[in-house]
Protein chains: 2
Amino acid sequence: MSRPGACRLFLSATFGIPSGTELTRQLSELATPVTVMRGETVETDPTAASLAFLTGGATKLSALAARGRHQIVAFHFGGDIFSIPAEGLHRHVITGLRDSALFLFPARAFYDRAAASPRIMRTLLERSQTALFRCRDKAVNLGRKTARERVAGFLLGMAERLDCPDDEPGCIKLPMSRRDVGESLGLTIETVSRQITELKEAGIIDTRGRSCIVLHDLDQLAAQAGNVEPRDAMSGLAPAAQRVVMVQ
Amino acid sequence: MSRPGACRLFLSATFGIPSGTELTRQLSELATPVTVMRGETVETDPTAASLAFLTGGATKLSALAARGRHQIVAFHFGGDIFSIPAEGLHRHVITGLRDSALFLFPARAFYDRAAASPRIMRTLLERSQTALFRCRDKAVNLGRKTARERVAGFLLGMAERLDCPDDEPGCIKLPMSRRDVGESLGLTIETVSRQITELKEAGIIDTRGRSCIVLHDLDQLAAQAGNVEPRDAMSGLAPAAQRVVMVQ
DNA sequence: CGGTTACATTGATCTTTATCAAGGCAGGCC
DNA sequence: GGCCTGCCTTGATAAAGATCAATGTAACCG
């Protein structure tokens with residue numbers, strides 16, 4: 001996937017622009033093709049933000065805190081675009097969950113050149129917003145949810161992003177280990193395991209081997225996830241709070 | 001701040017473009033001016049993402065989970081641009097910390113029109129990335145940090161964003177209550193209070209009344225925040241992990 | 001196909017933070 | 001300026017999840 005021209009094809013497919021243009025040539029000049037095998041990690045430029053285009057495979061992006069603690073900040077799958085910050089409060093590293101291929105760009109230079117194409121800027125902006133909204137939901141999970149809710153929500157989220165393989169309906173094949181799930185949910189591996197066992201005992205899910213999980217009852221799983229209830233979540237606000245409801 | 005023309009001036013100042021253009025006119029047509037008094041909340045269109053331009057004041061953006069739980073996802077101050085998602089897993093509401101004024105836009109329509117200006121798109125993209133990076137750091141704090149670390153990190157972050165008032169150096173006047181701090185850090189009000197007391201007893205900070213905090217020793221506060229240590233945080237990775245260090 | 005190894009599960013105990021319950025104090029208002 | 005209200009602090013107890021430790025098992029490999 002790192003032969004010359006591959007990057008231009010990928011840019012073209014991602015943004016819906018012709019691949020033969022001067023712009024795609026200029027952009028692909030900035031690319032560093034990287035392959036990451038399962039378990040390998042990639043560190044990007046610590047002095048500036050990078051942009052990653054994952055052409056195939058699956059990766060995790062984790063942040064490192066003091067005392068060797070890791071927090072997985074996002075999982076990415078083939079076709080995803082994501083950004084890696086310069087080293088600030090936490091260092092970020094990309095790790096392969098399976099063998100993966102990606103292109104790395106210096107973010108600033110990429111934006112400088114891409115500014116010429118409204119279509120590219122629009123796509124980048126929308127993907128960035130999606131990442132932000134996902135990250136906010138993660139913050140809610142980490143800050144306010146029980147272990148049960150986090151695990152149930154995680155399974156639902158993965159069911160949306162991973163396509164159910166082969167025959168078995170409602171079955172997802174998790175590409176990450178229990179440790180990864182824990183590091184994503186702010187839980188220990190043991191707690192994740194216990195929660196999965198309990199969901200299994202409740203008949204809501206089932207496991208097939210180590211990495212396959214069958215979701216029997218999506219509704220019940222959603223109920224376990226503790227997300228906002230349809231309409232009445234405003235209770236709990238300060239009583240004096242007024243509400244100005246905007247509908248645009 | 002909601003007289004006609006105010007929006008165009010704000011757009012012009014924010015993006016560094018002339019205010020008399022057709023584009024600023026078209027964009028300002030989409031604006032809904034809103035004032036939020038202290039403690040009041042604003043809900044945006046639940047069916048589509050909104051874009052908010054905070055012209056003055058200070059607000060919090062919180063997400064609502066089941067059982068009346070609130071997680072503050074971000075604080076915003078005058079000049080900030082931020083986006084509010086359509087109602088997904090969690091509902092989001094804006095609440096005034098002080099009396100505030102903002103313009104609300106339907107995000108999609110705003111992007112459609114702003115696409116004509118690379119400068120606007122670039123600014124929106126960079127602000128979105130900053131918000132994402134902040135949110136990721138928050139996720140690390142919520143998922144992997146102790147109460148002490150979260151409170152120390154919070155004070156440091158606020159010291160950067162709030163400008164130290166009047167005379168007292170290293171003094172910040174928090175515009176939010178202890179409850180808000182707790183809802184931002186995934187802690188109870190009591191735990192926040194205890195941590196502040198302990199930091200005070202350690203001589204690292206001091207309090208002046210209810211909302212002023214004097215930061216005596218930024219270095220020691222940073223040490224308490226448990227962010228990544230300069231160079232050796234890779235220990236703790238799987239031993240087989242290889243590293244491909246990219247420097248661009 | 002059986003042995004090996006890393007990953008996952010299960011169990012017992014401990015720690016951190018939430019929860020419950022009083023006080024204390026700051027700041028607003030007459 | 002003193003009262004009053006709401007916010008903050010402090011203390012005692014409980015619960016959720018972490019940690020420590022051992023066992024089980026899937027998947028890889030010869």
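The values are calculated or read from the model by the stated rules, or taken from the named source; none is laboratory data. Just so we're clear, the structure is a prediction, and the values are computed from it rather than from any experiment. Note that each Cβ is placed from the backbone with ideal geometry, even for glycine, and that neighbours are counted across all protein chains shown. Ligands, DNA and RNA are excluded from the accessible area calculation, which covers all protein heavy atoms including side chains. Shrake-Rupley method; radii C 1.70, N 1.55, O 1.52, S 1.80 Å.
Report, by residue number, each residue of region B:182-195 that is away from every other protein chain (no Cβ under 14 Å) and more than 8 Å from DNA strand D (Cβ to nearest atom). Before the answer, list the steps.
Taking region B:182-195 and keeping what is away from every other protein chain (no Cβ under 14 Å), we get B:190, B:193-195.
Across region B:182-195, the qualifying residue is only B:GLN195.
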Any hit, region A:196-212, residues being within 13 Å of DNA strand D (Cβ to nearest atom), assigned to a loop (DSSP other than H, G, I, E, B) and under 20 Å from the mean Cα position of the chain (by Cα): yes
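Can you pull out the residues in region B:9-18 that are of a type outside the set (A, V, I, L, M) and either within 27 Å of B:HIS92 (Cα to Cα) or not assigned by TED's automatic domain parsing to the domain that holds B:PRO106 (or both)? If you could, list the steps in order and put the result at the bottom.
First, the residues of region B:9-18 that are of a type outside the set (A, V, I, L, M): B:10, B:12, B:14-16, B:18.
Residues satisfying the conditions are B:PHE10, B:THR14, B:PHE15.
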Yes/no for B:ILE196 being of a type in the set (A, V, I, L, M), at pLDDT 95 or above and loosely packed, with under 15 Cβ neighbours inside 10 Å: no
Residue match in region B:41-55 (condition: under 25 Å from A:ILE72 (Cβ atoms) and surrounded by 19 or more Cβ atoms within 10 Å (Cβ to Cβ)): no
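Suppose we filter A:THR59, A:THR32 for residues that are open to solvent by less than 10 Å² (accessible area, probe 1.4 Å) and within 14 Å of another protein chain (Cβ to nearest Cβ); which single one remains? Even if it seems obvious, please write down each step before you answer.
Details: A:THR32 fails: open to solvent by less than 10 Å² (accessible area, probe 1.4 Å).
Among A:THR59, A:THR32, only A:THR59 is open to solvent by less than 10 Å² (accessible area, probe 1.4 Å) and within 14 Å of another protein chain (Cβ to nearest Cβ).
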Unique residue being modelled with pLDDT of 95 or more and not aliphatic (A, V, I, L, M) when the list is B:GLY153, B:GLY236: B:GLY153
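Give me the residue from region B:19-44 that is part of a loop (DSSP other than H, G, I, E, B) and either at pLDDT 95 or above or of a type in the set (S, T, N, Q) (or both) and, out of that set, nearest to B:GLY88 (Cα to Cα).
Our first condition is that a residue be part of a loop (DSSP other than H, G, I, E, B); within region B:19-44, this holds for B:19-21, B:30-31, B:37, B:39-40, B:44.
The next check asks that each one be either at pLDDT 95 or above or of a type in the set (S, T, N, Q) (or both); those that pass are B:19, B:21, B:30-31, B:44.
On the way: B:SER19: 36, B:THR21: 36, B:LEU30: 24, B:ALA31: 23, B:THR44: 13 Å.
Among residues in region B:19-44 that are part of a loop (DSSP other than H, G, I, E, B) and either at pLDDT 95 or above or of a type in the set (S, T, N, Q) (or both), the one nearest to B:GLY88 (Cα to Cα) is B:THR44.
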Within region B:137-153, considering residues that are under 17 Å from B:ASP219 (Cβ atoms) and open to solvent by 10 Å² or more (accessible area, probe 1.4 Å), the one farthest from the other protein chains (Cβ to nearest Cβ): B:ARG148
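Of the residues A:ARG134, A:ARG161, A:ARG127, only one is open to solvent by 20 Å² or more (accessible area, probe 1.4 Å), away from every other protein chain (no Cβ under 11 Å), away from DNA strand D (no atom under 16 Å from the Cβ) and under 28 Å from A:ILE81 (Cβ atoms); which? Reasoning before the result, please.
Numbers: A:ARG134 fails: away from every other protein chain (no Cβ under 11 Å); A:ARG127 fails: away from every other protein chain (no Cβ under 11 Å).
Criteria check complete, one pass: A:ARG161.
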Lone unmet requirement of (1) out of contact with any His (no Cβ under 9 Å at 6 or more places or on another chain); (2) part of a loop (DSSP other than H, G, I, E, B); (3) open to solvent by 10 Å² or more (accessible area, probe 1.4 Å); (4) within 30 Å of B:ALA63 (Cα to Cα) for B:GLY226: (3)
Residue selected from region B:45-58 under the condition assigned to a strand (DSSP E or B) and among the polar types (S, T, N, Q), by the criterion farthest from B:SER83 (Cα to Cα): B:THR55
